[in-house]
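The values are calculated or read from the model by the stated rules, or taken from the named source; none is laboratory data. Computed from a predicted model, the values in this text were never measured in an experiment. Cβ placement follows ideal geometry from the backbone for every residue including glycine, while neighbour counts extend to all protein chains displayed. When the accessible area is computed, the model is the full protein with side chains, heavy atoms only, and any ligands, DNA or RNA have been set aside. Shrake-Rupley method; radii C 1.70, N 1.55, O 1.52, S 1.80 Å.
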Amino acid sequence: MAAAAAAAAAAATTTASATSASISHRSPLCNSVDKPSPAFSKPIFKPLHKTLSFTLTHKARSSTAAKNPISDVISSSESYPDGEDLIFDEDDKPREECGVVGVYGDPEASRLCYLALHALQHRGQEGAGIVTATAEGVLKSVTGVGLVSEVFNQSKLDQLPGDNAIGHVRYSTAGQSMLKNVQPFVAGYRFGRVGVAHNGNLVNYQTLRAELEENGSIFGTSSDTEVVLHLIAISKQRPFFLRIVEACEKLKGAYSMVFITEDKLVAVRDPYGFRPLVMGKRSNGAIVFASETCALDLIEAKYEREVNPGEVLIVDKDGIQSLCLMPHPEPKSCIFEHIYFSLPNSVVFGKSVYESRQQFGEILATESPVDCDVVIAVPDSGVVAAIGYANKAGVPFQQGLIRSHYVGRTFIEPSQRIRDFGVKLKLSPVRAVLEGKRVVVVDDSIVRGTTSSKIVRLLKEAGAKEVHMRIASPPIIASCYYGVDTPSPEELISNRMKVEEIREFIGADSLAFLEIDSLKKMLKGDSGNFCYACFSGDYPVVPSGLVKRVGDFVDDGLNGSIGSIDGGWLEGSKENKGEDLDVNYEEQVPV
């Protein structure tokens, strides 16, 4: 065994040297890699030229791919209690799918992951997990359903020793056995074990999964992330990070991922840079990756830079290596990170989220003014924009709505006579601020319009003389395919109604949205680097066939056809609805 391992290591070293020698192309975006710190002094790799372009069809039809490469994706039979009679009163907001974190080179890696996941809790509240690599090279995992504080305790963290770790918080719709979809995933393949945590959504997931299943792969979850593990397993590239490169070259859509092996941490971001991923460093030299800088702040890691779109960063005992995944176009980062998803104290895509939201409010006050006595916000995501509006308008900002932070999901109303039960649990009006006043209420977005109508009614019942809604984003008219859970287009109120019709529907005295041209003007030279698909329907990566609304949507306990899952799938391009997949969606049953 030792001789075989030594031979494999020698082969990997030889391959790595050959690969390094053949690299000659540098992509502009990946050219901005900072110099490594003295603690990580190995020369940074030049970007990888597009020499690894193998087609999935060729690989999938090989004899190696015909075997199931992954036999032990972590799963569990734990499930939610029977909830078929419960009706969820969801927040009428888009939902970010998840957040990721990775730590390399710190003896408290699992605890740092735990703290960083707390900072990222707003990105996912339904599941959390941490995987560590022990000194013996064993990957250990703890995952669970619920908040970070509910999944982990002292004894659970004691089960996760090691200097390297990755973590994940997850949002998804409820399923009968959701735990097996909670990341990070850990899987074994012929050269060892690998763990992965993924933020984003793959628009060619169904195509890839169908081809892999046709050639013998067996899937243990309904997550698109598992496809990545299968592609790594069937790759013949050496060393390991080249397997990741080859796998990612087949992916389309949004992915910011962190991988862990027995001795490495790898961070990858898709060529368009849809979802955020940043790198930081602690005072002891430990390297940290996270979805937002707020996680770095909590664990006292200094922000170094973003992981560039299309970049792969490999961290091991020799230092940090950087290479470009593939030639990539202009970045298309998600503008909703600045509008809603990220915390105001984060720096995302190189910009302060707080400053962006404040400017959104100032633009609204300039372009859509109204005579008013007080400005309030729909907490918490509308607060900073409301402050910007108030400052620009010269009107006092006050807390007219108080949010309860101790309410999770709310279930069916105890009586239909109790109107707006769910909203009243979460938002309480302050009559002393509202009574007899002309009120401007600032919110970040309107999706279906149901929550906005309840808020307007709540404010008027509390004595507001007039209620004027100001929305710090353009109207949402299209679904997102890149890791944001948005309704189908026909459910989006701005897709069905004009602004005046929406105003009448929600009962406001006036309504105005942030104009998309004004948004782009505010972003100045960076405006072309953002994705506005939810506002325009113009998709940077056009989906084909059927695409999951979120990566983990499929109900694991559902025993029926994919086509029967109501609302779980969105149609891709009309030119390609799955005809090229050789798959009958009416007959295929999710595993």
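Odds and ends about this structure:
- Summed residue charge, Cβ within 14 Å of GLN398's Cβ, Lys/Arg positive, Asp/Glu negative: +1
- J(HN,Hα) series, region 145-157, from Karplus relation 6.51 cos²θ - 1.76 cosθ + 1.60, nearest Hz, glycine and proline x: 8, x, 6, 4, 5, 8, 7, 10, 9, 4, 5, 5, 5
- Net length gained if the chain between GLN399 and THR366 were fully extended (0.36 nm per residue, minus Cα distance): 9.7 nm
- Around the amide H of PHE185, modelled in the peptide plane, lie the amide H atoms of VAL196, all under 5 Å away and 5 or more residues distant in sequence or on another chain.
- Per residue accessible area in Å² of region 442-483, where ligands, DNA and RNA are left out and the probe is 1.4 Å: 23 Å²
- Given charges at beta-carbon only (K, R positive; D, E negative), |dipole| of region 144-270 in Debye: 140 debye
- Long-range HN-HN contacts of ILE335 with modeled amide H, under 5 Å: CYS531
- Convex hull of region 212-292 built on C-alpha atoms - directionally averaged projected area, nm²: 6.8 nm²
- For region 441-530, a simple Cβ point-charge model (Lys and Arg +1, Asp and Glu -1, everything else neutral) yields a dipole of about 140 debye relative to the Cα centre.
- Dipole magnitude for region 288-417: about 320 debye, using +1 per Lys or Arg Cβ and -1 per Asp or Glu Cβ, origin at the Cα centre.
- Computed from label points 7 Å out along Cα-Cβ, the spacing between LYS521 and ALA432 is 4.1 nm.
- Each label was represented as a point 7 Å from its Cα along the Cα-to-Cβ direction; for SER510 and GLU330 these points are 3.4 nm apart.
- FRET efficiency, 1/(1 + (r/R0)^6) with R0 41 Å, evaluated for LEU115 and LYS236 via beta carbons: 0.55
- Virtual spin-label span in nm between LYS302 and MET497, 7 Å along Cα→Cβ: 5.2 nm
- Remark: region 448-456, residue by residue, has Karplus-estimated 3J(HN,Hα) of 8, x, 5, 5, 4, 5, 5, 5, 4 Hz, where x stands for each Gly or Pro and the curve is 6.51 cos²θ - 1.76 cosθ + 1.60 at θ = phi - 60°.
- The length gained on full extension between LEU425 and LYS317, counted as 0.36 nm times the residue separation minus their Cα-Cα distance, comes to 33.8 nm.
- Listed pairs LYS156/LYS351; LYS437/LYS520; LYS252/LYS521; LYS180/LYS236; LYS302/LYS351 exceeding 25 Å between Cα atoms: LYS156/LYS351; LYS437/LYS520; LYS252/LYS521; LYS180/LYS236
- Theoretical FRET efficiency, 1/(1+(r/R0)^6), r = Cβ-Cβ of ASN153 and ILE477, R0 35 Å, to 0.05: 0.20
- For region 498-512, the Karplus equation 6.51 cos²θ - 1.76 cosθ + 1.60, evaluated at θ = phi - 60°, returns couplings of 7, 4, 5, 5, 5, 4, 5, 5, 8, x, 7, 6, 7, 8, 8 Hz by residue, with Gly and Pro reported as x.
- Dipole of region 171-294, positive end: most advanced residue of GLY220, LEU208, VAL278 [Cβ charges, Cα centre]: VAL278
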